[in-house]
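The values are calculated or read from the model by the stated rules, or taken from the named source; none is laboratory data. Keep in mind that this is a model prediction, so the values were computed, not measured. Cβ atoms come from the backbone with ideal geometry, glycine included; neighbour counts cover every protein chain shown.
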Amino acid sequence: MSAPILTASRDRRRSAEAGSFRAAVARLEPMDYLALAVVAFVLLALLAPRVLSPYDPLAGDDASILTAPSLAHWFGTDYLGRDLLSRIIHGTGRTLLGSAVAVVIGLGVGTILGLIAAYFGGLADVIISRLVDVLLSIPGLLLSMVVVVALGFGALNAAVAVGIASIAAFTRIMRSEVLTVKGLPFVEASHHLGGKRLYVLARHIFPNSYSSVLALTGLQFGISIIWISSLSFLGYGAPPPQPEWGLLVSEGREYVVSSPWLVVIPGLVIAVTVLSISRLSRVLKEGNTP
Amino acid sequence: MKKKIWLAAALTAVTVLTAGCAAQTPAASSDGGTLTYLDAEIATSAQVQESGTWQTRALQQNITDRLLYRNADSGELEPWIAESWTASPDGLTYTFVLRDGVTYSDGTPVNASSVKKNLEWQSSGDDAKGTTPNAQFPSGLTAVADDDERTVVVTLPAPYAPFLNVLTGWGAGLVADATIDASKEEQSKFVNLIGSGPFVVASETYGKEIVLSRRDGYAWAPPSSPNQGEAHLAQVTVIPVLEDSVRLGTLKSGEGDLIRYVQPSEEQALADSGYQVVAGTGVGLSNQWFLRPAAPFLGDINVRKALQHVIDRDAIVKNQYTGSWSPATSVLAPGTFGYVDESAKFDYDLDEANALLDAAGFTARDSDGYRTKDGERLVVKTYIDVYDNTAKSLFQAIQNQFVEAGIELSLNELDYSTYWATAFADPEVAALRVGWPHPDPSKGLSEYYSADGSDLLGIAGSDATLQSLLDAQNAATDDTQRTALLAQIQDHLVDQAYVIPILNDSQVFVAAERVQGFELSDGALPEFYNVSVTD
Amino acid sequence: MPQAPHHLTIGIAVAARNYVARRIAQAVLVVALVYTIVFFTLFVLPGDPIENKLTSPLNPLPPASAEALLAYYQLDKSPFEQFTITVGRLFSGDLGYSLVSGRPVSELIAQGVSDTIVLAAMAFVFTLALSLTIALTTVFAPWSGLRNAAASLPIISISTPSFLIGFLLLSVFSFQLGWVSSIRDQGLVSYILPAATLAIAVNGVLSEVLIQGLRKARAEPFVTVLRAKGTSEGAIAIRHILKNGAIPAITVLALVVGELLAGAVVVETVFSRRGLGFVTYESVRDQDTPVILIVVILVSTVYVVINLITDLLYPSLDPRILRHGSKAAGAPVPARRQKVTA
């Protein structure tokens, strides 16, 4: 009995997806391809830093301390003669994994809370919504500072702090998505047709609400990079000599007279990476919105 | 039509953003001009006995005068507020004859009663107000002022060799009764620090700015000073700028005249573009690492000695520092009372280090190339010094040199506020940086290495030789005897490889070309008295 | 939502008043919850942060003051008792004492807060100006190149770390051109660069909401009607599209202010300023929990109050709601804030 309806809904979703994917590809502008290239390069730096980086990121070369960008050192060298490009490439892992940890925490906890609030409603919804209000009333960066004070400084703790600070955004979007999907005719139909609650949940709500959550995940990933590097910049994150991006900027400040590239280049790398990720996640979002 | 609207909107925004961008130029200067000095830290408390930070001393140095003056070039003691002085042979009685006509900036005289009050206050603190004694001063000091207010006789309960040197230091600045009588909270404000020095605090905005103005009628500089009258500068504005980039940028833009702290690499770039780099090594203890025998692996003197030979100080100074810095040659800095050159004992010698480590049984190597013994890697744990702005690169460079001998230097980092408590309490820690300027070396040595002090080595009692030497130096009153004892202490600390001398630290200042006559005191504090700024 | 009475204006007024009262109560509850959660996060962690801090030999506090503070915070009591004691003191105006300097927290906050209020206020004005410029250009600029360029600005704003913006502005305008002093107090002029940094870093969300709002308003049927009536394009854009399209942006103003205040921590550090942001930076660095607690409460109170005001004002500002008459007027539905993610 239920089969035709479910099939129909699945097909509709699939076709919408396929259509939107084609539409998304068709909509790609030159800048989007550039963003794709940046993200591809960043992923490569994450997976195989040794392949890309021309030098050892931790080994200094006394003969070339604080040299300006050149053919030998594209991004110049730092106060120990370490190659900045290699340090940025090797820092990709720490920086991006930190953001990944943050997003996994935000997405995981936020999704579960959002689902519970929207699906069960009642007291659960009241409590969770109030919690979201509380978390949202503290600006994210400030909230992550509070958590990092409680946990102690360090790369992982900064990532966890940023993750906790992003839970509210995920909870809220998941809750509203689930509420929307819950009201859709085919979901109500499958309910009436005797679908078990959890089954319905898994079968319909997840697939149908994932697109906007995915887009938020992309955006939040970019924002996490900025927040984590801000925490590192202030000295609350990864300790040296690890080449975390925000830390590179922070360390470069002392050499601004002779070597401004030590601040500007890592700063731009952060900006370009976040920009590319945000841009792509927006394409994704637009592509999935009917 | 459309065009006009968005254009108007854009223009409005631009106007708002740039409104009032016109720069204001500082007021024109007269005679010696005005100096804008950008310090790297905030001067927190002016309270005399408790103020230990460098930035506080720098201000006290210029606001107060001391009884005696220690010539930075010759190292000799010279008269200042005390015209002459004598010490009894037993080291218990000192007599000071004061210069006539000296007054504090509130008009009260710097006389025998005032000096007596100052010295006793420094020695015993003020329980009622909760101010502690000055740690540099001997306790139980009593003084008698004679009736003509020109002579003070000081009596100590026990001989205290560093006494006269201490009287030259920043912490021994003489202050008016009004300051001593003020509440502790009032004493912590610079505007309430009333001295007889060449500058007076005109205004203070905590954490933002302290303005010093010239003391009118100042005429009691140390006799060796080229200037015997008032200071040249009409005003000195001291602004704490914690951001390195802002401090440097402000100097380069011409707004600042003088800054403290630059990275050594920046010194050269600045010198090349016409700035004056003024650096000084304060007398006292050199920048050194103590080695704790109780730490893992360091119980063996061969390992400690090997560590002394692994560090190539010349290479570090050459690659990362400038002419303002030099390799340490002893536990004490050159120019300090009792200094002996010990550098031959801990020269850079990788072969020697390797031989010592082999002898200590660290013959095997692990997959990373580090030496091991019984399967344990030779690791030396330290924390990066938070008080030295060049420490990060220095420690990392030493880490690289340790690798050459197969030793892992485990670098750990703590923030400013937790460093002291955590690093020094860590039982695993093998080496930490110590060594700072002191007007007299005895006090510093006892503070670090004596069982009565911090006992940084953690060997209180077990090395009786060291303890007896440290005790003897504090009681010795004869200069020859003190010199001999200090030499033995330096020998012992280096021979037992308790200490690795690293560098002779420098306080580095950079001044614009228009700043003239800027010099550092013997403790490497800035002296504004002889400075003038010409546009 | 209360059922709106259809026939009585008095009923409408009562409902509206109840609604306002409930919203205020909710806001108070949120602030109280923020205080509670932050207090228990910071004060009652395993490892006794306050005791460690005060008994640390490095703590610059004189021993007597440290002991006095140990007694003041009553750490031997249970966490709940500590909480009630602290709340009681809060209501009597005692905000606690810094664990590092021993100074009253109220004094530390008072020292920096005026500086940061001026900074945030100027940054807020700049943010509005910048967002309006970007949105108007994106929607109305005559050349597609310019429209596209303006349209890409919000995402660039969101993606660029504020420390980079601050460093670049400082280098160019203070160090190279010497237009604004980097150290001297020049009154309002001193705030321009840090405020501009904040505005550039924070305007993204507001700009996007404005762009969406303007586009939506332009697509409304009334625009076609006005055009047919012969109303000039300029008048349509300013008087009608901007007026209607800008209204949704009101819902993100609280968020913008919150971001400005949090951003001040980084920006005041970059510019070496001594406002509340710097106090926050220092207290986090030194794990000075009593100070952090008060800063967080202050910022979140500002957020909640602005959010409350905008939520309450929103219905009365939306002309569509007014147009639809009693139905909407009786039940002032608070606008759900836009989905903003930054």
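Looking only at helices (runs of 4 or more DSSP H) that fall completely inside the range C:254-336, which ones have 3 or more residues that are under 17 Å from the mean Cα position of the chain (by Cα) and at pLDDT 85 or above?
Those helices (runs of 4 or more DSSP H) span C:276-285, C:289-317.
Which one of these is of a type outside the set (D, E, K, R) and more than 7 Å from every other protein chain (Cβ to nearest Cβ): A:219, A:214, A:234?
That would be A:214, the only listed residue that is of a type outside the set (D, E, K, R) and more than 7 Å from every other protein chain (Cβ to nearest Cβ).
For the range C:102-146, which positions are buried (at least 20 other Cβ atoms within 10 Å of the Cβ), within 12 Å of chain B (Cβ to nearest Cβ) and either of a type in the set (Gly, Ala, Ser) or at positive phi (or both)?
Those that are buried (at least 20 other Cβ atoms within 10 Å of the Cβ), within 12 Å of chain B (Cβ to nearest Cβ) and either of a type in the set (Gly, Ala, Ser) or at positive phi (or both): C:112, C:123, C:129, C:131, C:135, C:141.
How many of the residues making up the range B:483-535 are within 24 Å of residue B:59 (Cβ to Cβ) and of a type outside the set (Val, Ile, Thr)?
23
Does the range C:165-179 contain at least one residue that is under 30 Å from residue B:239 (Cβ atoms), polar (S, T, N, Q) and touching an Asp or Glu at 6+ places or on another chain (Cβ under 9 Å)?
Within the range C:165-179, one or more residues are under 30 Å from residue B:239 (Cβ atoms), polar (S, T, N, Q) and touching an Asp or Glu at 6+ places or on another chain (Cβ under 9 Å).
Out of the helices (runs of 4 or more DSSP H) lying entirely within the range B:426-516, which hold 2 or more residues that are under 18 Å from residue B:288 (Cα atoms) and within 21 Å of the chain's Cα centre (by Cα)?
Hits in the range B:426-516: B:441-449, B:479-495.
For the range B:30-51, does any single residue satisfy the condition of being modelled with pLDDT of 50 or more, on the phi > 0 side of the Ramachandran plot and buried (at least 17 other Cβ atoms within 10 Å of the Cβ)?
yes
So in the range A:155-187, with the set limited to residues that are of a type in the set (S, T, N, Q) and surrounded by fewer than 23 Cβ atoms within 10 Å (Cβ to Cβ), which one is nearest to the other protein chains (Cβ to nearest Cβ)?
Initially, the range A:155-187 is screened for residues of a type in the set (S, T, N, Q), giving A:157, A:166, A:171, A:176, A:180.
Restricting the remaining residues to those that are surrounded by fewer than 23 Cβ atoms within 10 Å (Cβ to Cβ) gives A:157, A:176, A:180.
On the way: A:157: 12, A:176: 8, A:180: 12 Å.
Out of the qualifying residues, it is A:176.
Please find, within the range B:334-379, the residue that is farthest from the chain's Cα centre (by Cα) out of those that are among the hydroxyl-bearing types (Ser, Thr, Tyr) and not in a loop (DSSP other than H, G, I, E, B).
Only one residue tops the list, namely B:372.
Quick one: what pairs do we get from the range A:136-156, first residue of a type in the set (Phe, Trp, Tyr), second crowded, with 22+ Cβ neighbours inside 10 Å and outside any helix (DSSP H, G or I), C-beta under 6 Å, 6+ apart or different chains?
A:153/A:236
Of these, B:359, B:344, B:364, B:333, which one is among the aliphatic types (A, V, I, L, M) and under 30 Å from residue B:166 (Cα atoms)?
Selected residue: B:333, the only one of B:359, B:344, B:364, B:333 that is among the aliphatic types (A, V, I, L, M) and under 30 Å from residue B:166 (Cα atoms).
Pick out the one residue from B:441, B:437, B:427 that is surrounded by fewer than 19 Cβ atoms within 10 Å (Cβ to Cβ) and not hydrophobic (A, V, I, L, M, F, W, C).
B:427
Do you know which residues across the range B:299-321 are part of a loop (DSSP other than H, G, I, E, B), surrounded by fewer than 19 Cβ atoms within 10 Å (Cβ to Cβ) and touching a residue at least 24 places away in the same chain (Cβ under 8 Å)?
Result: B:300, single match.
Just give me the residues in the range C:82-113 being among the hydroxyl-bearing types (Ser, Thr, Tyr) and in contact (Cβ under 8 Å) with a residue 12 or more places away in the chain, in sequence order.
Passing the criteria: C:86, C:97, C:98, C:101, C:106.
Collect the residues in the range B:69-110 that are without any contact (Cβ under 8 Å) to a residue 60 or more places away in the chain and more than 26 Å from residue B:156 (Cα to Cα), keeping them in residue-number order.
The answer is B:73, B:74, B:107.
Could you please let me know if residue C:178 is more than 7 Å from every other protein chain (Cβ to nearest Cβ) and either surrounded by fewer than 23 Cβ atoms within 10 Å (Cβ to Cβ) or at pLDDT 95 or above (or both)?
Answer is no for this residue.
Among the residues of the range B:254-293, write down those that are within 14 Å of the chain's Cα centre (by Cα), within 14 Å of chain A (Cβ to nearest Cβ) and modelled with pLDDT under 90.
B:261
So is residue B:319 modelled with pLDDT under 95, within 13 Å of residue B:499 (Cα to Cα) and out of contact with any His (no Cβ under 7 Å at 6 or more places or on another chain) or not?
So residue B:319 fails the test.
Need a quick list: helices (runs of 4 or more DSSP H) entirely within the range B:113-215 having at least 2 residues that are in contact (Cβ under 8 Å) with a residue 24 or more places away in the chain and either within 14 Å of another protein chain (Cβ to nearest Cβ) or under 23 Å from the mean Cα position of the chain (by Cα) (or both).
Counting at least 2 such residues, we get B:163-168, B:184-187.
Which residue pairs have Cβ atoms closer than 8 Å, lie 6 or more positions apart in sequence or on different chains, and pair a first residue in the range B:237-252 that is within 8 Å of chain C (Cβ to nearest Cβ) with a second residue that is surrounded by 24 or more Cβ atoms within 10 Å (Cβ to Cβ) and charged (D, E, K, R)?
Within 8 Å, the pairs are B:241/B:247; B:245/A:254.
Which numbered condition trips up residue C:247, out of (1) closer than 28 Å to residue A:282 by Cα; (2) buried (at least 24 other Cβ atoms within 10 Å of the Cβ); (3) over 13 Å from the mean Cα position of the chain (by Cα); (4) among the β-branched types (Val, Ile, Thr)?
The single condition residue C:247 does not satisfy is (2).
Taking helices (runs of 4 or more DSSP H) that fall entirely within the range A:84-180, which contain at least 3 residues that are within 30 Å of residue C:290 (Cβ to Cβ) and over 14 Å from the mean Cα position of the chain (by Cα)?
A:122-136, A:140-151, A:155-165
Go through the range B:448-466 and give me each residue that's crowded, with 19+ Cβ neighbours inside 10 Å and without any contact (Cβ under 8 Å) to a residue 24 or more places away in the chain.
Correct list: B:450 only.
Take the range C:208-252 and flag every residue that is within 14 Å of chain B (Cβ to nearest Cβ), within 15 Å of residue C:135 (Cβ to Cβ), among the charged types (D, E, K, R) and out of contact with any Gly (no Cβ under 9 Å at 6 or more places or on another chain).
Selection gives C:243 alone.
Can you find even one residue in the range A:70-81 that is of a type in the set (Ser, Thr, Tyr), without any contact (Cβ under 8 Å) to a residue 40 or more places away in the chain, more than 24 Å from residue C:293 (Cβ to Cβ) and surrounded by fewer than 20 Cβ atoms within 10 Å (Cβ to Cβ)?
yes
Here are C:39, C:140: which of them is over 25 Å from residue C:309 (Cα atoms), of a type in the set (Phe, Trp, Tyr) and modelled with pLDDT under 90?
Numbers: C:39 fails: modelled with pLDDT under 90.
Of C:39, C:140, the one residue that is over 25 Å from residue C:309 (Cα atoms), of a type in the set (Phe, Trp, Tyr) and modelled with pLDDT under 90 is C:140.
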